[in-house]
Structures are given as C-alpha cells and as structure tokens.
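Read the structure below first, then the notes.
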Amino acid sequence: MVPLGRLPALPLARGSTRRRLLAAGASAASPLPWPGLHTWRRAPPSDLRSWGPNGPCVPNTDKAGAPEAGAGVGDGSSLAEMGALVLSTADPLAKAHLTHAAFSRWAAGGLPVGLARAPDHPARPEKPLAVTQKEVPTHKAMGVPLNAYMLHNLAHVELNAIDLAWDTVVRFSPLRDTLGDGFFARVADDESRHFRWYSQRLAELGFRYGDMPVHNLLWRECAKSSSDVSARMAVIPLVQNLNRKLEALMLDRD
C-alpha cells in the first residue's frame, strides 16, 4: 500500500469536464432496479416448498406433522393480525407453515392490511442456544460436518428474515401506502420456503434446526429500528452483509 503522504496530486476537472464526471459518478452510484421485480410482485404464492431430485417441488406430506394450511391462521381478520400470530409462534416449522398460509390467504384477496400489536420479541424455541458472535463455535470444535454447519447458519438467517418481514408488516402497517400492501408479506413467504428447504436438507444429514448455537445479531439490530421505518430499511441490508462476513470469518478460523 502506498503511504498517504506520497500519493500524487491529481488535477481537478473543471467546467464541462467536471460536470460530466459528476454526472457519471452519480449514475454509477444509483442502484439499478431489479428487472424481475414486477414479475415477482405479481407472482402467486409458490407451493414448491420441498426439494426433490430435480429441484423445488410440491411436498407430498409434511414430515413435521403440521399442515401447510396453518392451524389458527384462518382466525385472523387482517394481514397484520396474521403477522402477529406468526411472530407469537415459537416452533420454527410451524412459523414457516403459518407464514405460507397467511400470505396465501392474503394473495387470494379480500383481506385488509389492518392493524395489530407486534410483540417486543418474536417467540423462539428453547433451542438453539443464543450466544454472542464471538462465542459461536466452529464446525470443527463441535465435530459436525461443514455442510450441516453452514445449512444451520443459513436456516437461522432465514428464520430471522421471516420474523423481520412480519415485524415490518405489523409494526409499520400504517405506512402501507409507502411500503406497499403485501410487499414484506411476500418476502416472509419466500423466506419461509427457503427455511423449509434448509430444514429438509438438515434432516437428511441427520440434524435439525436448533442443534447448534447461533448468534442473535440480526434481530438485535432489527429491534433498534422498531420505531423508525427509515432506519429499518437502511439497517437490515447492512446487518445481513455483516452476518455473511461473520460466517466467512468463522470458516477462515477453521
């Protein structure tokens, strides 16, 4: 690395050249819209919630013993009430089932966004054990295969993403005109599908979500933005990026 004191002085652009450079820089800094966004928003709920030999498929039966319809979700009179029910559900697979049932009912039409009270913290099962980021052991320290270790980490990220999306729906439902009626409910449904895929593969490897310690970084940062929707929109992508970096560091540590 060149010491800062020895960096050459660069001439400043002037006049029209400077304006062109500034315009080019602003254009490069502006994020490009995802071309598939409108198609994704209009798509019906996906029932491809298992993973077969050829990729995603419709599950024949629910191995966890809970129906995809989601017991109790029909009692909700609004999307926000359904979201509060999901947030109050501790079992991860049941949370995923209820999410899909809630979004499917919403997508069918006829439900208002409504209002509901979000719990301070989403319900969680007794396991996994939550520790600080520094206390999360490596896969070698636990004596588990790397693929199972990474799948468990990914499942944990998806579970937090489900709760984060529903918390945004419930907590900020008065801002639905700005955020979009069903945007984050659709995000929650996508994340619930991913959680099921990871859970299925973990089971095939002889593990289940909860078998390994996890950190609670994502939800802790989410809680800090509970009263500010702008902060919520800004903080979460940053925390997700940090989470990926932490996982990479854990791999390097091995």
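The values are calculated or read from the model by the stated rules, or taken from the named source; none is laboratory data. The structure displayed is predicted, hence computed values, not measured ones. FYI the Cβ positions are ideal-geometry reconstructions off the backbone, even for glycines, and counts take in every protein chain you see.
Tally time: how many residues in the stretch 166-198 are over 18 Å from VAL86 (Cα atoms) and at pLDDT 90 or above?
Count: 2.
In the stretch 108-135, how many residues are surrounded by 13 or more Cβ atoms within 10 Å (Cβ to Cβ), over 20 Å from the mean Cα position of the chain (by Cα) and either charged (D, E, K, R) or more than 22 Å from GLY76 (Cβ to Cβ) (or both)?
So the count comes out to 0.
Just one of (1) in contact with a His (Cβ under 7 Å, 6 or more places away or on another chain); (2) assigned to a helix (DSSP H, G or I); (3) modelled with pLDDT of 95 or more; (4) not β-branched (Val, Ile, Thr) trips up ALA148, so point out which.
(1) is the only condition that ALA148 fails.
Looking at the stretch 199-211, I want the residues that are free of Cβ contacts under 8 Å to residues at least 60 places away in the same chain and closer than 12 Å to ASN147 by Cα and have a partner that is among the charged types (D, E, K, R) and assigned to a loop (DSSP other than H, G, I, E, B) with Cβ atoms under 6 Å, at least 6 apart or on another chain. Which pairs are those?
Partner pairs satisfying both residue conditions: LEU202/ARG208.
For the stretch 96-107, check the following and say yes or no: at least one residue is crowded, with 19+ Cβ neighbours inside 10 Å, more than 18 Å from the chain's Cα centre (by Cα) and either at pLDDT below 95 or not in a helix (DSSP H, G or I) (or both).
Scanning the stretch 96-107 turns up at least one residue that is crowded, with 19+ Cβ neighbours inside 10 Å, more than 18 Å from the chain's Cα centre (by Cα) and either at pLDDT below 95 or not in a helix (DSSP H, G or I) (or both).
Looking at the stretch 136-145 only, could you name the residues that are crowded, with 18+ Cβ neighbours inside 10 Å, over 22 Å from the mean Cα position of the chain (by Cα) and assigned to a loop (DSSP other than H, G, I, E, B)?
Listed by number, the list holds a single entry, VAL144.
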